[in-house]
Amino acid sequence: MAKETQLTVPDIGDFDAVAVIEVLIAVGDSVEPEQSLITLESDKATMEVPASSGGRITDVKVKVGDKVKQGDVIALIAAEQPEPAQTPEQESKASDKAEPSTPAEQAATPVAAEGEADCDVLVLGAGPGGYTAAFRAADLGLKTVLVERYANLGGVCLNVGCIPSKALLHAAKVIDEVDSFRDHGLKFGALELDLDQLRGWKEKVVKRLTGGLAGLAKQRKVDVVQGEGQFASAHELRVTTSDGERRIRFRHCIIAAGSRPIAPPGFDLDHPRIMDSTAALELEEVPKRLLVVGGGIIGLEMATVYQALGAKVTVAELGDRLMPGADPDMVRPLRKRIDKRYKSILLKTKASVVKTNKKSVKIRLEGPDGDSEETFDRVLVAVGRQPNSDRIGLETTGLGADERGIIAVDEFMRTRVEHIFAIGDIVGQPMLAHKASHEGKVAAEVIAGHKHAFDARTIPAVAYTDPEVAWAGVTEEQAKAEGIEYDKAVFPWAANGRSLSLERDEGITKLLFDKATGRIIGGAITGPNAGDLIAEVALAIEMGCEAEDIALTVHPHPTLSETVAMAAEAAAGTLTDLYMPKR
C-alpha cells in the first residue's frame, strides 16, 4: 500500500484564517504537482492553493466555508504506483514512433548559458513590469529569480509612486467634496488634519498590495532576492544584499530596472526643503507656501494633494502650457478650476535656487512678465524622470543605452543581445506602469517559446488631477501635425445628468474618427473618474470601432460613461440629448 502524505496550506503571505470558497478535488482524484486543490478568498484577493506533490487523493480535510492558515492540512495523498520500466528494446521502438518536436516546442527549451545557470529567467526590478514578467515566466514553467532593491515588491509604483499618490489624491477629493456642499445644505466643522494618521492609512494601502505580491511570488516559487543588482557579464548578475554579495547566473534576463526623478541644475534633492515626488509622498508636513517646479502630470497631481491639505501652491512651468501631451482644450477645465485655488500658475518661467536654509528656499523666477524672487517653505521638483540604465553595469553585457538612457528593443522586447530583454521605463516613453506590465508578459512568453509581440494600438495616459484628464490614441494636435484627416465629436458634461448630480459639469468627452475609414483613432476625457472612463475608448481603438459601434452599445443611465456613447452619437448624427443642427 502506498504511503499517505499530507498536502498543507503553504505560506500565503500576510494572511490568517482565510476562507475556503471552492474545493477542487475529491477522494479518488489523481492530481499532478502544482495542480490547484482549493480556492481561498481574503479581503485582498482570491488565490488557488497548489499541490506540493502528485498522487491519488485518499481523504479531503476541508470544505467550503472553512477558514484555513499556513500549515493546515487540505488533503491526504498517496503516491501513484509507477509504471513498469521499459526494456531497451521497448524504449527504442517508442523512440522510433515518437513525432519530432514542433518549432514552438524547440523554442521553448531555454537557451543554455556558458557553464551552469542558476535559473532560466532572471528579472531585474520588481515594479509592475518586473513582477508581472516574473510571475508569467514562473506560470510558464521557467525557473525564475526576481531581484528587487526595495524590501517590498512593487517597485516605485506601488511603494513610492502610483499607489500612495492615488491614496492621497482620494483624501484630497474627500476634502473638496465635503467643502463643496456647504452651499447645498451639508455643513461640517473645520478640517482637523492628523498627518500621522493620514500617513499611516496611506502606508496601510501600500502594505496590502505589496504583501499580496509577496504571497503570489511564494505561491509561484519565484526566488525573490532583495538587493542592488549589477551585471557582472552577459550571463551573470552581482547582487549586493544585506548578507553580502550574491552572484546569480541566468539563461535569460529581463531588465525592468525602471527610472528615477531628475532635477534641474542647482536643485539639490538631498536638501530637506527640496523634494522629489518620492519625498513629497512621505507627507512630513504641509508647507504654508509650496512651489511646484514642473507643470506636468506628476507635479499637478502632487499640487492637488497639497492644496487640498492647506498649502498655498505656486506652479512654475518652463513651457508655454500645462500638461504637455494632452490637447489644450482638454486641459482648459482643469486650468480654470486650479486658477481659483492656487496662488499662481506661471508659464514660460524658469525657476532657480538663490538661497536655502533649514526652514525655507529662496527662488528666482524668470518669466515673460519680468523676474522676481520669492521664498517658499518647500519646493517640489517634478520635471521628469530618467532611466536607470546607468546604474546596472550594462556595459558588461555588450549592451548600451542611447543619450537618454534608453535601451533599444524590438517588438518582442528583445535587445540586440539575444537572451536579454528589457521592458518598462528603461525602454522609453511612455513611462507608464500599465505599459510595462504588458511588455513584461510579452518578454516572458517569448522566452517560453510563444509567438507573441507587443503591438498595442494605444496606451492610455491619465492625470489624476481634479478634474482628471485622460487620453488614448491620436490626439487632435497630433492629427493636425501629421496631416491626418479626421472627424471630431465633443459631448459637454453639462448635458449629462450624472455629472450634474455630482456638482461637476465642467467635463468634456472628445472622440476622433478617421475621415476615410470612419474608425475611431483617438479620444480624450476630462472630468471626475476620466481615468476609469478612458478604458472604453482604448478598447474601441484596439477593436477598430466605428462611431455606430459605440453609439449602439447600450450604456447604463445615469452614468458618466454615457458621455462616451453620446459623443459617438454626435459623430454618427443620432444624438438627441443636444440639438446639433446638420452642417
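Just a few scattered comments:
- Note on the stretch 115-129: among residues that are surrounded by 22 or more Cβ atoms within 10 Å (Cβ to Cβ) and part of a loop (DSSP other than H, G, I, E, B), the one that is farthest from the chain's Cα centre (by Cα) is GLY125.
- Within the stretch 56-81, considering residues that are in contact (Cβ under 8 Å) with a residue 24 or more places away in the chain and of a type in the set (Lys, Arg), the one surrounded by the fewest Cβ atoms within 10 Å (Cβ to Cβ): LYS63
- Filter pass, ALA448 being open to solvent by 40 Å² or more (accessible area, probe 1.4 Å) and aliphatic (A, V, I, L, M): no
- Scanning the stretch 195-218 for residues that are at pLDDT 95 or above and polar (S, T, N, Q) turns up just one, GLN197.
- Filter result (part of a loop (DSSP other than H, G, I, E, B) and of a type in the set (S, T, N, Q)) within the stretch 379-404: ASN388
- Matching residues, the stretch 279-297, being β-branched (Val, Ile, Thr) and surrounded by 23 or more Cβ atoms within 10 Å (Cβ to Cβ): VAL292, VAL293
- Subset tally (residues that are within 17 Å of TRP493 (Cα to Cα) and in a loop (DSSP other than H, G, I, E, B)) for the stretch 545-562: 7
- Residue within the stretch 416-434 that is buried (at least 22 other Cβ atoms within 10 Å of the Cβ), touching a residue at least 24 places away in the same chain (Cβ under 8 Å) and out of contact with any helix residue (DSSP H, G or I) (no Cβ under 9 Å at 6 or more places or on another chain) present: no
- Flag if GLY319 is under 25 Å from the mean Cα position of the chain (by Cα) and open to solvent by less than 50 Å² (accessible area, probe 1.4 Å): no
- Of the residues making up the stretch 390-409, at least one is open to solvent by 40 Å² or more (accessible area, probe 1.4 Å) and under 19 Å from ALA126 (Cα atoms).
- Residue among ARG199, ARG260, ARG208 that is among the basic types (Lys, Arg) and touching a strand residue (DSSP E or B) at 6+ places or on another chain (Cβ under 9 Å): ARG260
- Criterion violated by ILE534 - all others in (1) surrounded by fewer than 24 Cβ atoms within 10 Å (Cβ to Cβ); (2) in contact (Cβ under 8 Å) with a residue 40 or more places away in the chain; (3) closer than 16 Å to ARG457 by Cβ; (4) among the aliphatic types (A, V, I, L, M) satisfied: (1)
- Residue in the stretch 180-202 that is acidic (Asp, Glu), in a helix (DSSP H, G or I) and farther than 27 Å from ARG337 by Cβ present: yes
- Residues (closer than 14 Å to GLU282 by Cα, among the basic types (Lys, Arg) and without any contact (Cβ under 8 Å) to a residue 12 or more places away in the chain) located in the stretch 176-209: LYS204
- Among residues of the stretch 435-444 being closer than 12 Å to PHE412 by Cβ and in contact with a Phe, Trp or Tyr (Cβ under 7 Å, 6 or more places away or on another chain), the one that is surrounded by the most Cβ atoms within 10 Å (Cβ to Cβ) is ALA443.
- Among the residues making up the stretch 498-519, those that are surrounded by 14 or more Cβ atoms within 10 Å (Cβ to Cβ) and either among the small types (Gly, Ala, Ser) or assigned by the TED database to the domain that holds ARG337 (or both) are SER499, GLY507, GLY518.
The values are calculated or read from the model by the stated rules, or taken from the named source; none is laboratory data. Quick caveat: nothing in here was measured; it's all calculated off a predicted structure. Every residue, glycine as well, gets a Cβ built from its backbone with ideal geometry; the counts of neighbours run over all protein chains shown. We work out accessible area using only protein heavy atoms, side chains counted, and drop any ligands, DNA or RNA first. Shrake-Rupley method; radii C 1.70, N 1.55, O 1.52, S 1.80 Å.
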